[in-house]
1. What is the magnitude of the charge dipole of the chain about its Cα centre, with +1 placed on the Cβ of each Lys and Arg, -1 on the Cβ of each Asp and Glu, and no other charges, expressed in debye to the nearest 20?
2. Please compute the contact order of region 60-187 in relative form: average sequence separation of alpha-carbon pairs under 8 Å and at least six residues apart, divided by the residue count, as a percent.
3. R0 = 45 Å: FRET efficiency of Asn96 with Ala199, Cβ-based, nearest 0.05?
4. Return, ordered by residue number, the residues of region 205-231 whose backbone nitrogen is under 11 Å from a label point located 7 Å along Cα→Cβ of Glu46.
5. How far apart, in nm, are the 7 Å Cα→Cβ label points at Arg30 and Thr56?
6. When each pair of different Cα atoms in region 164-267 is counted once in the 1/r mean, what is the Kirkwood radius in angstroms, to one decimal?
7. Can you give me the relative contact order of the chain as a percent, contacts being Cα pairs under 8 Å and 6 or more apart?
8. Which net charge results when you count Lys and Arg as +1 and Asp and Glu as -1 among the other residues whose beta-carbon is under 9 Å from that of Val77?
Amino acid sequence: MIVVKVGGSAGIDYDAVCVDLAGRWRAGERLILVHGGSGETNRVAEALGHPPRFVTSPSGYTSRFTDRQTLEIFEMVYCGKMNKGIVERLQRLGVNAVGLSGLDGRIFEGRHKDSVRAVENGKVKVLRGDHTGTVERVNTGLLDLLLGAGYLPVLTPPASSYDGVAINVDGDRAAAALAVALKADALLLLSNVPGLLRAYPDESSLIRQIPANDVEQYLDFAQDRMKKKVLGAAEAVQGGVRRVIFGDARAGQPITAALNGAGTVVS
Ligand code: ADP
């Protein structure tokens, strides 16, 4: 089993990802796709007059502050436009894909975090009314049902809280939890960069290999949202996934290239 997470940043070629995925699926490989949608969510939120608000925690992690209205816009884009766009591409390529959010059948479950500590103007503030959380449980039963019946699951945040409330969760870490739960052979985290860069944005500074035991030491190279990918990779390898690869989804055959060792390989 291979878990592929494709991000939501500008420049990602979803056609290339889907063509590669469909070819491998038709050849008999079992895969699950998890996707993001942050770039499009930002555009739609601006257009709807409710622009995104990003907050940085005291430990330096950036996340989207998700009030109820933001959550609804987030769902429109992730579960609607992005998810159905990918499912449609796969259907046209002859793959019977099923698009679900983590809320559906509680595929992704976690604790609802209602408040977030954020650094603003040099001060730490507590912001309430946040609909976020972290995936702690994965309902593999539903996924096994789908895979057993020949469907390719296409998954997206939000997740469900234990009380059944929709929560915004990080897609990379959700994909990591999924890869651990399914005992996947590999987790691919595909984005709009060649991999983890030692001197971002210099693409020639690509880090090719990270020993599984040292992943957290590489957190220092990652800025803002890339930190979550490194954290997800650490969680996946600690949970028994043998290989995590940060790969490039801008062109070519993103999945095949990553599995052949392009990008940053954590193992
Ligand atoms: P996605 O939505 O595609 O999953 P994110 O926007 O969450 O991607 O994270 C990828 C982004 O992280 C890159 O587009 C890049 O701007 C940023 N980044 C920060 N530090 C690094 C780094 N050291 N190497 C590569 N990318 C980095």
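The values are calculated or read from the model by the stated rules, or taken from the named source; none is laboratory data. Worth saying up front: this structure is predicted, and the values here are computed from it rather than measured. Positions of Cβ are backbone-derived with ideal geometry, glycine not excepted, and every protein chain shown enters the neighbour counts. When the accessible area is computed, the model is the full protein with side chains, heavy atoms only, and any ligands, DNA or RNA have been set aside. Shrake-Rupley method; radii C 1.70, N 1.55, O 1.52, S 1.80 Å.
1. Details: 31 positive and 29 negative charges, 22 e Å.
The calculation lands at about 100 debye.
2. It rounds to 28 percent for region 60-187.
3. Details: r = 43 Å, r/R0 = 0.96.
Efficiency for this residue pair is about 0.55.
4. none
5. 4.3 nm
6. 13.6 Å
7. Working: 600 pairs, mean separation 61.6, N = 267.
The normalised contact order for the chain reaches 23 percent.
8. So the environment of Val77 carries a net charge of 0.
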